[in-house]
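A.B. asks: Let me give you the structure first, and then I'll get to my questions.
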Amino acid sequence: MQRFLVAFFSLVSVLTAQGAPGDTHIAIETRKTALVIRVDKEQNPTIVHFGQRLSRPDEYAQIPGNGKRGEDYTGIYNSVYTPAGSRNLLEPAIQVTHADGNPSLDLRYVRHESKPAGEGVVLTTVYLKDPQYPFEVTLYYKAYQNEDVIEQWSTIRHTEKKNVTLHKYASANLYIPAQNYYLTHFHGDWANEMNPTEEPLTEGIKVLDSKLGTRADLFQPPSFLVALNQPAQEDQGEVMAGTLAWSGNYQIAFEVDPLHNLRMTAGINPYASAYTLAPGKEFVTPAFLFTYSNTGKGTASRSLHRWARKFRIPQGQGDRLTLLNNWEATFFDFNEEKLTGLFKDGKKLGVDLFLLDDGWFGNKYPRNNDKTALGDWQENVNKLPHGLGYLVKEAENAGIKFGIWLEPEMVSPKSELYEKHTDWVLKLPNRQEYYYRNQLVLDLTNPKVQDFVYGVVDNVMTKNPTIGYIKWDCNAVIYNAFSATNPNPSHLYVEYVQGLYKVVERLRAKYPTLPMMLCSGGGGRVDYGALRYFTEFWPSDNTDGLERVFIQWNYSYFYPSIATCNHVTDWGKQPIKFRTDVAMMGKMGYDIVVSKLDEKELQFSQEALKTYERIKNVIWQGDMFRLASPYTGDVASLMYVNEARDRAVWFTYLTKNRYKAGSVAPIRLQGLDPAKNYTVRELNVYPGARSAINNTTAYSGNYLMTVGFNPNVDARRTSVVLELTEAK
Ligand code: DGJ
């Protein structure tokens, strides 16, 4: 603690340093990174540095104002939060119409402060104000010292005589001067999530956004990488990784300005979302999270992973349950007898929990397909005559826990809920109803609906307190976005997400340790807004082993393995060993018919689960290193190294099928201790197969990281898992 205080006070002295006469410099620093704000004599706050922290903070004052080259006609191209309507000429962070109709804003520095916000966290607050109007913006920067992550958000308030309209209200506005910029963003669709594209940014604006309302990142997640000067590399070069912690419509704009500097604004999407702010009320934006690395995107990912485990994801440094899910094993076709059989199968396999998926509810309109019953969360009496309580007990009698699937935000047109409460449903009068997976979205901006949605989960949990897991699904986007009860139609998209967060906040308060999976008809909803409440997420319905190598690879840029649910299923052509090896690089589960496994497959799976139990902490809590990319070679290779650097688990997969494709040369490992010696042992060897790895030699970390090691992946050994243990 004492060390921490000393560090903090030395930081405060940096914050008040004034290098150039009359200017104030506010340095938001982590262990390696600095974001420096300069305030000039006219109280204009601008960003003069984002990147590596300088060893002499007084030199921040020497940094040229707009990153160099040429005339900034406004003096605020690099504004810390660009206001629209006065002298700004570029993309604003905020645009408002004042109570008197004036459509302009000016924001000048008032003061700033900095204080500890937990061990290793410093919160800097910068207060800005319009000189002519009682209108204030406060910028918050939480700097996570050891993780090198900065969390930025803003609050907006005013005391004008009447309401003010906020047209745009970004979370963050950054400014980065470099020679060139390379943006990596991700796009996809159902079962095809997270495809990366890297492109140079040129003058003009590139926008990433979503207008889907609920499953905001189905087409394009709010996460990206920007490499400076050269395309992003794994272990060298300057890279920023950013992500918006918001589960709804977002907009991230990258503008290369007339001076060839990069301006960035990130926040809620202004699309159809003008916000009426009453006097004295405060609007809080979601947080934008970012990290900077000058040793490539690998470091950036590890920083985000460490931050997420320690500061964001519930039980991020704790445990998780392996499970057997019945979705692909039964779809909607099950009854008590079938399920109790599956509990025994789960136990035989060796998982911790059985997860009952979709199809267990609805009586007037039984949920026998995806067209009915969402909203009618009562057990279907034909399928489950003895109710959930009976199933929970039966599972426990079989020796495993019981978890359940819910989709609480949704309603089927064929449901009793829809019949009773048409005004609880998002839809437009005088318009045809459009369905996404045959369903509509409930109006979470309505407090009564929030209570209902909370009650869906709370009732199930109150009646069955030993339920050990919730899978929270969300299969529809918002069409015909309109609420029958919300007086502000253009608040809908924003208040939907706020309503959702209120519900899960209440649930977390009552059930702080309940594992909850964030699922969205595959991976349509993964962000650090929702991951404040959910212990894990479902990356994709596509569980084809080969596809998953790519999908998981791309999620790994931003999300840690402990939160990434990977299930072994029957998708794809890969052998069960391949699918199991891939699923192990995260939180492992199964969605297969155990009774259809042959003797060897069952034995292999049982042993794999035991192995997983032994190594899971290295995978979940260790540092991840992407060693060989499936986008540039024949194999994908990743490893996880524990903090003590005495254990590592290393996965390699064949991802191409050309003649002689394979790991033709040694792969250089990373993250080991060069001075330690390690033995290498193959895991998940299929019954009857012999490992091609000699486990008697101990190699130094130095050797393994300089020369490398060949896991011997080829067409006969398409996936190889190796464990490295310090030889003592
Ligand atoms: C979509 C999910 O991604 C699946 O895993 C499954 O739960 C179905 N929904 C059930 O409807």
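The values are calculated or read from the model by the stated rules, or taken from the named source; none is laboratory data. These figures come from a predicted structure and were not determined experimentally. Cβ placement follows ideal geometry from the backbone for every residue including glycine, while neighbour counts extend to all protein chains displayed. Remember, those area values only see protein heavy atoms, side chains included, never the ligands or the DNA or RNA. Shrake-Rupley method; radii C 1.70, N 1.55, O 1.52, S 1.80 Å.
A.B. asks: Could you report the accessible area of residue 436 in Å², rounded to 10, computed with a 1.4 Å probe on the protein chains as they sit in the structure?
C.D. replies: About 50 Å², rounded to the nearest 10.
A.B. asks: First check a/c for the stretch 267-374, with a ≥ b ≥ c the square roots of the eigenvalues of its C-alpha gyration tensor; if it is under 1.5, answer rounded, and if not, answer prolate when a/b is larger than b/c or oblate otherwise.
C.D. replies: Because a/c hits 1.5 or more and a/b fails to exceed b/c, the stretch 267-374 counts as oblate.
A.B. asks: Just going by the charge dipole of the chain, with Lys and Arg at +1 and Asp and Glu at -1 on Cβ, which of 691, 398, 216 is farthest out on the positive end?
C.D. replies: Going by the Cα projections, it comes out as 691.
A.B. asks: Turning to a different aspect of this structure: How long are the semi-axes of the equivalent ellipsoid of the stretch 623-726, taking √(5λ) for every eigenvalue λ of the Cα gyration tensor, in whole Å from largest down? Mind showing how you got there, number by number?
C.D. replies: Working: eigenvalues 95, 50, 27 Å².
Largest first, the stretch 623-726 gives 22, 16, 12 Å.
A.B. asks: Using +1 at the Cβ of each Lys and Arg and -1 at the Cβ of each Asp and Glu in the stretch 324-401, identify which of 365, 389, 342 lies farthest towards the dipole's positive end.
C.D. replies: It is 389.
A.B. asks: Put +1 on the Cβ of every Lys and Arg and -1 on every Asp and Glu Cβ in the chain; which of 492, 65, 102 then has its Cα farthest towards the positive end of the dipole?
C.D. replies: Farthest along the dipole direction, towards plus: 65.
A.B. asks: Another question about this same structure. Using protein chains only and a probe of 1.4 angstrom, how many square angstrom of residue 595 are accessible, to the nearest 10?
C.D. replies: 80 Å²
A.B. asks: Once each part is reduced to its C-alpha centroid, what is the distance from the stretch 19-43 to the stretch 475-548 in angstrom?
C.D. replies: Measuring centre to centre over Cα atoms gives 37 Å.
A.B. asks: Then there is this: Using the Kirkwood radius over Cα pairs, work out the Stokes-Einstein diffusion coefficient for the stretch 63-181 at 4 °C and 1.567 mPa s, in µm²/s as a whole number. List each step's numbers first, then the result.
C.D. replies: Values: Rh = 15.8 Å.
Translational diffusion coefficient: 82 µm²/s.
A.B. asks: I'd like the antiparallel share, as a percent to the nearest 5, of DSSP beta bridges with both residues in the stretch 623-726. Walk me through the numbers before you get to the answer.
C.D. replies: On the way: 30 of 30 bridges.
Within the stretch 623-726, antiparallel bridges account for around 100 percent of the total.
A.B. asks: Along the three principal axes, how long is the stretch 378-477 when you take its alpha carbons, biggest first, rounded to the nearest angstrom?
C.D. replies: That works out to 53, 28, 22 Å along the principal axes.
A.B. asks: If I ignore ligands, DNA and RNA and count only protein heavy atoms, how much of residue 404 is accessible to a 1.4 Å probe, in Å² to the nearest 10?
C.D. replies: 0 Å²
A.B. asks: Which loop trypsin sites (Lys or Arg not before Pro) in the stretch 520-616, with loop taken from DSSP, have no more than 13 other Cβ atoms within 10 angstrom of their Cβ?
C.D. replies: 573
A.B. asks: With N set to the residue count of the stretch 85-311, report its C-alpha Rg divided by 2.2 N^0.38 Å to two decimal places.
C.D. replies: Dividing the Cα radius of gyration by 2.2 N^0.38 Å gives 1.04.
A.B. asks: Rg(Cα) of the stretch 555-608 divided by 2.2 N^0.38 Å? If you can, show how the numbers build up before the last one.
C.D. replies: Details: Rg = 11.9 Å, N = 54, 2.2 N^0.38 = 10.0 Å.
My calculation over the Cα atoms of the stretch 555-608 gives 1.19.
A.B. asks: For residue 142, go through the lysines and keep the ones whose alpha-carbon is under 20 Å away, minus same-chain ones fewer than eight residues off.
C.D. replies: Candidates past the 8-residue exclusion: 32, 115, 310.
A.B. asks: Taking a quarter of the surface of the convex hull around the Cα atoms of the stretch 145-189, what do you get in nm²?
C.D. replies: Mean shadow area of the hull around the Cα atoms is 7.3 nm².
A.B. asks: Taking the Cα centre of the chain as origin and charging only Cβ (+1 Lys, Arg; -1 Asp, Glu), how large is the dipole, in debye to the nearest 20? Write down the numbers at each step before the final one.
C.D. replies: On the way: 78 positive and 80 negative charges, 211 e Å.
Magnitude of the dipole: close to 1020 debye.
A.B. asks: Could I ask something else about it? Place a +1 charge on the Cβ of each Lys and Arg in the stretch 623-726 and a -1 charge on the Cβ of each Asp and Glu, then give the dipole magnitude about the Cα centre in debye, rounded to the nearest 20.
C.D. replies: Dipole of the stretch 623-726, to the nearest 20 debye: 440 debye.
A.B. asks: Here's another thing I want to ask about it. Bin width 5 Å, origin at 0, all Cα-Cα pairs of the stretch 349-420: what percent of pairs per bin?
C.D. replies: Bin by bin from 0 Å, the calculated values are 4, 17, 24, 21, 15, 11, 6, 2, 0.
A.B. asks: Let me test this: with uniform point scatterers at the alpha carbons of the stretch 406-540, what is the Debye-based log₁₀ I(q)/I(0) at q = 0.13, 0.18, 0.22 1/Å?
C.D. replies: -0.54, -1.05, -1.49
A.B. asks: Show me, bin by bin at 10 Å from 0, the whole-percent P(r) of the stretch 214-310 based on Cα pairs.
C.D. replies: 14, 36, 34, 13, 3
A.B. asks: Here's a follow-up. What is the chain's relative contact order, in percent, from Cα pairs under 8 angstrom and six or more apart in sequence?
C.D. replies: That works out to 9 percent.
A.B. asks: If I compute solvent accessible area with a 1.4 Å probe over the protein chains, what percent of it on the chain is carbon and sulfur?
C.D. replies: 49 percent
A.B. asks: Separate question: Find out how many positive minus negative residues lie around residue 346, taking Lys and Arg as positive, Asp and Glu as negative, among other residues whose Cβ is under 10 Å from that of residue 346.
C.D. replies: With Lys, Arg at +1 and Asp, Glu at -1, the net is +2.
A.B. asks: Hey, what's the chain come to in accessible area per residue, 1.4 Å probe, Å²?
C.D. replies: Values: 27230 Å² over 728 residues.
Value returned for the chain: 37 Å² of accessible area per residue.
A.B. asks: Another question, then. Would you mind giving the average projected area, over all directions, of the Cα convex hull of the chain in nm² with one decimal?
C.D. replies: Over all viewing directions, the chain projects a mean Cα-hull area of 32.7 nm².
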